Each structure stands twice: as structure tokens, then as C-alpha cells.
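Trainee: I'd like to ask some things about the structure below.
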Amino acid sequence: MTDDAAEVAAPVDFVIIEFPEGQQNFSGEVLDELARLVDSGTIRLVDAMVLIKDADGDVDGVELSDLDGLGPLEAIAAELADFLAEDDVADLAAAMDPGSVAGVIVYENIWAAPFAAAARRAGGRLIADGRIHSQDIADALEAEAELEDELEQEADKEGA
């Protein structure tokens, strides 16, 4: 990587979001929010596709640029790279339940590029990274609220 490329390089992540059978409610909101992140310069969309897994476990992958009705993502979809290979799609689809639909996005964290460049200029190098998934946070907060309710009910019983 050249010095110039390192100066503007940002981390690239991917996510796969599964929409289980019978729980799919596609209103366009997800596409609108994705477009907002791109338009604001928070991320650069590198690749995106939709995976459809039938009841038998067979998977069909469709590039975002091949879909209709993308609204604000139409222009963005036309410029995406075919970053995900067939093996990648198979690996991602393995996590899906039969009958589900999943959206896969590969994105560059544009917001992080200036920070990463400053760290590199200071002699720093990434030695570890990680992510706490939003569902894990939501589950933990829900469990904490349930525990607080139980403790409050016990205190009310003892005070009565």
C-alpha cells in the first residue's frame, strides 16, 4: 500500500441481516437508512446483495444492482463492485434459516479513515478489533430491566 493509499484507507466490514420467514416486513426503510449513511459520507457501499434461501436450503443470490425499486440506492447500486465471490455467498448463506431472506452489505467505514491515518502517522498499528452486536446489547438491557423489575417486586413484598 502506498503512503497515499494508507492515508485514505478505512476499515471494511460486512454484515448479513436475516429476515426470517413470516417476519418479513419490507417497507423501504432499510434502503432509506442505508442511503442516508452513504449520502452523509459515514460509509461507502462496496457491495450489496440479497440472498434468498428456499425451504430446501437452496440459495439464490441477487446483486443489489439487479433489483428494481431501489429508490435512493439506484445510482449507488450501479457503481458497486462484485466484491463477494460465490464461495463467500455460500459461507454467508450457511448461517441462514430455510425460507429466509438476507441482505448482505460490504462497506468501508469512511468516518474512520482520518482517525486510522492519524494513528498510522503516530506509529500505531491495529493489533485487535471486535464488535458487540446490537442484538446482544438489546438482550442485555432487556435482561437488566427484567432483573430490576424482579428486585423491585421482591422489595415491595418485603415492605408490605
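Trainee: One residue is enough: does the range 133-143 have a residue meeting the conditions part of a loop (DSSP other than H, G, I, E, B) and either touching a strand residue (DSSP E or B) at 6+ places or on another chain (Cβ under 7 Å) or closer than 18 Å to F14 by Cα (or both)?
Mentor: Yes.
Trainee: Please tell me if D91 is open to solvent by 80 Å² or more (accessible area, probe 1.4 Å), within 30 Å of R121 (Cβ to Cβ), within 17 Å of the chain's Cα centre (by Cα) and among the acidic types (D, E).
Mentor: In short, no.
Trainee: Please determine whether any residue of the range 106-113 is over 15 Å from the mean Cα position of the chain (by Cα), free of Cβ contacts under 8 Å to residues at least 60 places away in the same chain and open to solvent by 50 Å² or more (accessible area, probe 1.4 Å).
Mentor: Looking for residues that are over 15 Å from the mean Cα position of the chain (by Cα), free of Cβ contacts under 8 Å to residues at least 60 places away in the same chain and open to solvent by 50 Å² or more (accessible area, probe 1.4 Å), one finds none in the range 106-113, hence no.
Conditions tested, residue by residue: (1) touching a strand residue (DSSP E or B) at 6+ places or on another chain (Cβ under 9 Å); (2) among the acidic types (D, E); (3) free of Cβ contacts under 8 Å to residues at least 12 places away in the same chain; (4) open to solvent by 100 Å² or more (accessible area, probe 1.4 Å).
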| position | (1), (2), (3), (4) |
| --- | --- |
| S65 | yes, no, no, no |
| A75 | no, no, yes, no |
| Q153 | no, no, yes, yes |
| K157 | no, no, yes, yes |
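Trainee: Now for a different question. May I ask you to verify whether G123 is at pLDDT 90 or above, under 25 Å from A9 (Cα atoms), open to solvent by 50 Å² or more (accessible area, probe 1.4 Å) and part of a loop (DSSP other than H, G, I, E, B)?
Mentor: yes
Trainee: What are the residue pairs meeting all of these: first residue in the range 1-26, first residue surrounded by 12 or more Cβ atoms within 10 Å (Cβ to Cβ), second residue modelled with pLDDT of 90 or more and among the polar types (S, T, N, Q), Cβ atoms under 9 Å, and 6 or more apart or on different chains?
Mentor: Taking only residues 6 or more apart or on different chains, the pairs are A10/N109; P11/N109; V12/N109; D13/N109; E18/S100; F19/S100; P20/S100; E21/S100.
Trainee: Among the residues of the range 40-54, is any loosely packed, with under 15 Cβ neighbours inside 10 Å, without any contact (Cβ under 8 Å) to a residue 24 or more places away in the chain and under 30 Å from A118 (Cα atoms)?
Mentor: yes
Trainee: Within the range 133-146, can you find the residues that are open to solvent by 90 Å² or more (accessible area, probe 1.4 Å) and either in contact with a Lys or Arg (Cβ under 9 Å, 6 or more places away or on another chain) or more than 21 Å from L34 (Cβ to Cβ) (or both)?
Mentor: L141, E142, E144, E146
The values are calculated or read from the model by the stated rules, or taken from the named source; none is laboratory data. Please read these numbers as outputs of a predicted model, since none were measured by experiment. So basically every Cβ, Gly included, is an ideal-geometry build from the backbone, and we count neighbours across all protein chains shown. These area figures cover heavy atoms from the full protein model, side chains too; ligands, DNA and RNA do not enter into them. Shrake-Rupley method; radii C 1.70, N 1.55, O 1.52, S 1.80 Å.
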